[in-house]
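Working notes for the structure below.
A short reminder: the numbers here are calculations on the coordinates, not readings from a lab. Predicted model only: the values in this text are computed from it and were never measured. Cβ placement follows ideal geometry from the backbone for every residue including glycine, while neighbour counts extend to all protein chains displayed.
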Amino acid sequence: MARTKRDRRSGTGNRWRLNRLKPSAQAALLLAVPTVALASVGVPVNVTVYGIPLLVAFPLTVLHVASVGLALFRPWTAVVASVVGAFLLAVAGSQDVGAAWPYPVTALLTQILLVFVLGLRAAWPAGLCAWMGGVAVAAAAASLVPRAPAGVTANIAVLASVSGGLLVLGLVVQQWQAIRAQLLREREVSAEEHARRVLVEEKTRIARELHDVIAHSMSIINVQASTARYRYPEMDSGLVGEFESMAASSRQALTEMRGLLGVLRDEEAAGELAPQPGLARVPELVEGARRAGMRIESHGVEVLADEAVSDIAGVAAFRIVQEALSNATRHAPGARTEVRFGRVDGRLDISVRNEAPARGTAAPAAGGGHGLVGMRERAALLGGSVRTGPTGDGGFEVHAVLPLGTGDDSAKER
């Protein structure tokens, strides 16, 4: 039989695993051994020691022991079965044998196991009723006997104390498991909400940077269109009107962009006053990381010296390299990092690859981290792509492909 993907990943092959079953089925399998053992020992004990006929001892013992398995699926049915089975066994058995009575040892163990299972798996009223019912059965059976054996009190005391303690333990474990499951669900929900919030914040920050880049170009267009009539007084009135229309349109676009930015901007966040970095500052970034102690080898830096690259692409390339180097510093301190740049058909190819961590720190998992979200968003804004993931030697690689053409070039490509 072919192995599943999960088997191949975990290395278990087609070996049978209990955790593939539902919790109720797992518990039933775990209880199968003790219940079968109790039934197998209980029947001959009831027949030989207590003198119960086989045709009576067998069904009553099986009924009492079966209550343990029923507790997983029908708790209240299990309570009734245990009370009826225990009472009939006590009444049918002889009291003058010098053995434990009204609960034989096997029946005592069965009743204790039942109460513990109900405490673990069922609502607390079912476990409490099983505990009280077991004690009541013993007391009722003892009251029906004119001269109860000397060990009746001890028998009832053992049943009440041991099963009561296990009932409390089972309820505590059940509540702990419920609280733990609820905390895990809340943690998953919080993680999802945090991931969505991080994505929205990153998109907002990119939108603000995009506004800064476009607003600069629109302002230049507005100034050139507004001053054209003064710089070229020989223009006819029709051409002057065209330039005035361009100036009005650019002013309107700037106003609308500022309004949109006001909706996106976080009032609590401090504004970024420094000019946005571009492609020409990427070598400075790499050199600064090298001075900070990183073991960096850079290749192809000369392809970054191109003034025709759009500002948006330059900012995206700078931020992607910056985040990749930051990840290498945090997750693989001391490891050698290789940075490569290439240019093919108007696209910039960026590769930041670090070796396995020098001090045994695990490389970050693919897709994790907030910075990786920002990388992908910036690349998608330009129509590029970012691929991240661990390497075969235990390191990590960030590989980005960004279109660097101007607006006209991008339009042609699309």
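Quick look at the values:
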{"item": "Nonlocal amide H pairs with A335, under 5 Å, H built at 1.01 Å", "result": "A358"}
{"item": "Those GluC sites (Glu not before Pro) in the range 295-354 that DSSP places in a loop and that have at most 15 other beta carbons within 10 Å", "result": "E307"}
{"item": "For the range 347-352, Karplus couplings with θ = phi - 60° (6.51, -1.76, 1.60), whole Hz, Gly/Pro x", "result": "10, 9, 9, 10, 9, 10"}
{"item": "In sequence order, calculated HN-Hα J values of the range 231-245 (Karplus, 6.51, -1.76, 1.60; Hz; x Gly/Pro)", "result": "7, 10, x, 7, 5, 6, 5, x, 5, 4, x, 4, 5, 5, 5"}
{"item": "Shape category assigned to the range 129-175 from the gyration tensor of Cα positions, a/c cut at 1.5", "result": "oblate"}
{"item": "Backbone HN-Hα couplings from phi across the range 388-404 [Karplus 6.51/-1.76/1.60, Hz, Gly and Pro as x]", "result": "10, x, x, 9, x, 9, x, x, 8, 9, 10, 10, 10, 10, 10, x, 10"}
{"item": "Under 5 Å, built H, 5+ apart or other chain: amide partners of V309", "result": "none"}
